[in-house]
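Taking it in order: structure first as structure tokens, then the write-up.
Taken together, the values in this text are just the output of simple stated rules run on the coordinates, not laboratory data. What you are looking at is a predicted structure, and each value in this text was computed from that prediction instead of being measured. Cβ coordinates were reconstructed from backbone atoms using ideal geometry, including for glycine residues, and neighbour counts include every protein chain displayed.
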Amino acid sequence: MSSQIDHLLNETRRFAPSADFAAQAVADRTLYERAAADREGFWADQARELHWHTPFTQVLDWSNPPFAEWFADGELNVAYNCLDRHVEAGNGDRIALRWEGEPGDQRNVTYAQLTDEVKRLANVLTELGVERGDRVALYLPMIPEAIASMLAVARIGAVHSVVFGGFSADSLRARIDDAGAKLVITADGGWRKGKVSPLKPAVDLALADRNGSGEQETVEHVLVVKRGGNEVDWSEGRDLWWHDVVPKASADHEAEAFPAETPLFILYTSGTTGKPKGILHTSGGYLTQAAFTNRVVHDVHPETDVYWCTADIGWITGHTYVTYGPLANGATQLLYEGTPDTPHPGRWWELIEKHGVTIFYTAPTAIRSFMKIGRDVPQKFDLSSLRLLGSVGEPINPEAWIWYREIIGADKTPIVDTWWQTETGAIMISALPGVTETKPGSAQVPIPGVSIAVVDEQGEPVGNGSGGLLVITEPWPSMLRGIWGDPDRYRETYWEKFADKGYYFAGDGARLDDDGDVWLLGRVDDVMNVSGHRLSTAEIESALVGHEGVAEAAVVGASDETTGQAVVAFVIIKSRYLKEHPVEGLGDELRTWVGQQIGPIARPRDVYIVGELPKTRSGKIMRRLLRDVAEGREVGDTTTLADTAVMSVISAQVR
Ligand code: ATP
Ligand code: MG
């Protein structure tokens, strides 16, 4: 079987950086030269931008692959780097968090205030018996206390495991058990879609004895932030209100120095390919790459920018580009609690106007949902403060990329399409704004200091103009250090496939164009084989949303007697389009359309028009569930879906 992905979409638009942007950009071309000349020395330089209580003398230790150590004999404190150091440098009055709740309440938290809060909380955690290496589960809305909790756990050398506030009691219990958490930090509830969505009841349920499973045994205390104001049950002795204990605690807390390889957090992947994996990250290398990429890819100027990454902290993007990267850099950022469409569909754009956001980082799924609503919504707001846009989470199709640039970015802001994973910890492939000429739909080039390749099944480079498997060929500072409690799964999942070469297998398909730029083609598990031709989900989906009527599309390969696999498409039609066009015949029209755009081989066998697509909380399409539907099977594990009801709706629509 050839690993070549046959078809290539033809995207020729190019956007050179403007002279103005380039003149002020943090990044410049010399970064590539320095990294190429001495990769480890380059990362050591980036690491020295942090504060080390004990400077490191060794950079990378790769003597026991696939278990890497970076800066191992150095000592630092991650929270000190994100907080105290900025206060000590005289920037205590700078706003760290410009927070806005969904109902419109606001709080500005300066670096001095956040440091004070984290010090008090660190003392509380210690009083509650949390020690270095202990695990703490966080189940919180997007409020300043969530960021403070992550940092306080880090400050005392404990390990956090953030669980999405939208996950069920079962998912929470599974994650608490897997990590053996000693403490849970939660809130009574948070605001979502115009009302209070309770959180504490799920924690109670997760810890309770159900179906004879026995009470959860490792959790000793639950610390509860009052946010929603909703009634909650109380377990005396176990539960504590944040407002009772944190303000009373001492604000004196000296940050202890911990070795660079001290575990920092466990975070579960989004589960698009199966059971989520508990990814382990450590301190020094992670923070180095988080801060560096945030600085050069997001072009952060801490004195002047208002940065906004819309990701929830329950996702890796929220860890690296809400909490650790921006705070390590001393940036000012917007933090927003609620949903993008509450109380009105222009809420995000209103926030950008109101807070003067300059850098905006979000996911293609959000961009496509705004395209679906129409450009008149963002056009009601003044978005002229924006100077840089970013995308993460899925391939961004050229149509959405162009819309993002034209409608949100006034046809002038650079866009960085950033490829990375929970496992990589930080951005790995992206344009550098002000340096790279960008191409809609392509993530383009590895960042300085990162080495990747696109290879065939044997691990041989495919060369420009061809498709294959994306691998990372050298260890990188923010790489995962393992899967929590499962070293075998760690080896098997990422390292076994190219064991002889020592490559990290990312699980994604990619293609190199004639310039050697990388185009992500979707999960390797999702690649379809139609009559011996390998087709990528990303390219067919991109063609479908290029049709004026299609708002969103998901494509899967379903087994087929004649062709091996057949292309099956699920599409959402724009509501405006449906007002003017009959739905009859639309399926055939789309089949023909894909045939014209890509070629007859890619023409879907079936096109299903649906109202929703199954997505994870971080907005990724769960194609494996659609494959179950397309092949008439019972639908698999749906625990990480944002909305678990959506699958029964889709199954009914398909029947
Ligand atoms: P699981 O590993 O449990 O199936 P997941 O891979 O969806 O979950 P994440 O680590 O959040 O969980 O997602 C990483 C994946 O997201 C990448 O492997 C890639 O498939 C996709 N991705 C992220 N950014 C981009 C991007 N800019 N372009 C294309 N794909 C991207
Ligand atoms: Mg993954």
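Given an 8 Å cut-off on Cα distances and at least 6 residues of separation, report the relative contact order of the stretch 111-256 as a percent. Reported as a whole number, the value is 28 percent. Sequence-distant contacts, meaning Cα pairs under 8 Å at least 6 residues apart, place the relative contact order of the stretch 35-129 at 17 percent. So for the chain, considering every pair of alpha-carbon atoms, how many percent are separated by more than 49 Å? Here the tail beyond 49 Å accounts for 9 percent of pairs. If you take every residue apart from VAL445 with its C-beta less than 10 Å away from the C-beta of VAL445, what net charge results, scoring Lys and Arg +1 and Asp and Glu -1? It works out to a net charge of -2. In loop segments of the stretch 335-441 as defined by DSSP, the trypsin sites (Lys or Arg not before Pro) with at most 14 further C-beta atoms inside 10 Å of their C-beta are ARG375, LYS412. Quick one: grab the alpha carbon gyration tensor of the stretch 95-229, order the square roots of its eigenvalues as a ≥ b ≥ c, and give me rounded if a/c is under 1.5, else prolate or oblate depending on whether a/b is larger than b/c. Judged from the Cα gyration tensor, the stretch 95-229 comes out oblate (a/c at least 1.5, b/c at or above a/b). Rounded, prolate or oblate, given the Cα gyration tensor of the stretch 527-654, with a/c below 1.5 counting as rounded? Oblate, because a/c is 1.5 or more while a/b does not exceed b/c. Each residue of the stretch 134-139 was assigned a 3J(HN,Hα) from its phi angle through the Karplus expression (A = 6.51, B = -1.76, C = 1.60, θ = phi - 60°), giving 5, 9, 10, 8, 10, 9 Hz with x at Gly and Pro. For ILE185, the residues whose modelled amide H falls within less than 5 Å of its own, excluding neighbours fewer than 5 places apart on the same chain, are ALA137, LEU138, TYR139, LEU223. Rounded to 0.05, the FRET efficiency of the ILE601 and GLU231 pair, given R0 = 51 Å and the Cβ-Cβ distance, is 0.30.
Under the combined filter of DSSP loop state and at most 11 neighbouring Cβ atoms within 10 Å, the stretch 467-504 retains none of its trypsin sites (Lys or Arg not before Pro).
Checking every one of the GluC sites (Glu not before Pro) in the stretch 575-641 against DSSP loop status and a limit of 16 other Cβ atoms within 10 Å picks out GLU584, GLU612, GLU631, GLU634. Scalar couplings 3J(HN,Hα) for the stretch 542-552, obtained by applying the Karplus form with A = 6.51, B = -1.76, C = 1.60 to θ = phi - 60°, are 4, 5, 4, 6, x, 7, 4, x, 9, 8, 8 Hz; x denotes Gly and Pro. Using a/c under 1.5 as the rounded threshold, could you call the stretch 453-523 rounded, prolate or oblate? The axes a ≥ b ≥ c are square roots of the C-alpha gyration tensor eigenvalues, and prolate needs a/b larger than b/c, oblate otherwise. It is prolate, given that a/c is not under 1.5 and a/b is the larger ratio. As a length-normalised measure over Cα pairs under 8 Å and 6 or more apart, the relative contact order of the stretch 527-654 settles at 22 percent. Dipole of the stretch 527-654 computed with +1 at Lys/Arg Cβ and -1 at Asp/Glu Cβ about the Cα centre; of LEU641, GLY599, ILE609, farthest Cα towards the positive end is LEU641.
Taking the DSSP bridge list for the stretch 111-256 and keeping only pairs wholly inside it, about 20 percent are antiparallel. Checking the cross-link pairs LYS275/LYS412; LYS195/LYS372; LYS439/LYS574; LYS497/LYS615; LYS277/LYS380; LYS195/LYS615 against a 32 Å limit on the alpha carbon distance flags LYS275/LYS412; LYS277/LYS380 as lying beyond it. When DSSP beta bridges are restricted to pairs lying wholly in the chain, around 60% turn out antiparallel.
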